[in-house]
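Novice: Would you mind keeping the following structure in view while I ask a few things?
Read-outs throughout are calculated quantities, based only on the coordinates presented, and are distinct from any laboratory measurement. No experiment lies behind these values; they were computed from the predicted model shown. Reconstructed Cβ throughout: ideal geometry from the backbone, glycine too, with neighbour counts over all protein chains shown.
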Amino acid sequence: MGELRVAQGGGGSRTRVLLVDDDVRIGKALGLALDDEGFDVVTVLTGEEALDRAGEAIDLVLLDLMLPGVDGLTVCRRLREAGDLPIIVVTARSDSSDVIAGLEAGADDYVTKPLVAGELAARIRALLRRRRPVPAAPRRVVLGDVELRPDEGIALRAGRPIHLTRTEFRLLAELAAAGGRIVTRDELLSRVWGYEYHGDTRLLDVHVRRLRRKVEADPDTPTVVLTVRGSGYKAGHADAAAPEAGSEPVPEPASEPVPGRRG
């Protein structure tokens, strides 16, 4: 396959979701259920089709990991290498190996079958509400040789740009905004993902590992993103430039559950 290019954003009033599932019945039922929730759904059956359609204006990918031909993990990796298009992977069970593999491949979130349309819609909306600037964040934060500019959505390491997904950027910005204070796992899950995960920390811990590979000189001996055992995470020593006088942070809307039916 050649170079993959993704085009993010449908540009219309309805969010455009690319649903990748080889089960025709599940795809049709879920497509109708998400349509009722206010989404435009484009359904494909294979990984090859997903990579072809990713070049269209898509807001989010809902990706089943169990696909014939090009499997879901490969599709996820290729989409993530091409950009920061939001990806939610679908697993047949909540087995840790499946979940972790999907997140390590670059997914922002995961859901397990059987899917409930209302819960899935809430996850999609929470993911799409995410924005890089963090409320009350300084304009510039230096964490060792990493520089973060939350209002610009830019991250640098040793003066060179590093590509962070929206989720990774948000995670690092939240830690930086805490100014070296410990941020608990539950707080990070709530602030970054905007959804209640009831103590499931796999989502967070895998993202921390991914983030460390990009911002740490030695991910096995981190100095930027520090683990506080039994509590959560904190940023290494940070030097921050305060926001301009008179600037007002823009709060993000809280995540609210969306009523729905089983897809």
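Novice: Let's test the formula: R0 of 22 Å, r as the Cβ-Cβ distance of ARG139 and HIS163. What FRET efficiency results, to the nearest 0.05?
Specialist: Efficiency computed from Cβ-Cβ geometry: 0.60.
Novice: How many nm is it between the label spots at GLU152 and ASP36, if each spot is 7 Å from the Cα in line with the beta carbon?
Specialist: 4.7
Novice: Quickly rank 76-86, 179-189 as a protection proxy: mean count of other C-beta atoms within 10 Å, highest first.
Specialist: Top of the packing list down: 76-86, 179-189.
Novice: With each pseudo-label sitting 7 Å past Cα toward Cβ, what's the ASP220-ILE100 distance in nm, one decimal?
Specialist: Placing both labels 7 Å beyond Cα along the Cβ direction yields 1.7 nm.
Novice: Please report the Cα spread of the stretch 141-190 along all three principal axes, rounded to whole Å, starting with the longest.
Specialist: 32, 20, 16
Novice: Net charge near GLY27, counting Lys/Arg +1 and Asp/Glu -1 over other residues with Cβ under 13 Å of its Cβ?
Specialist: Every neighbour counted, the sum reads -3.
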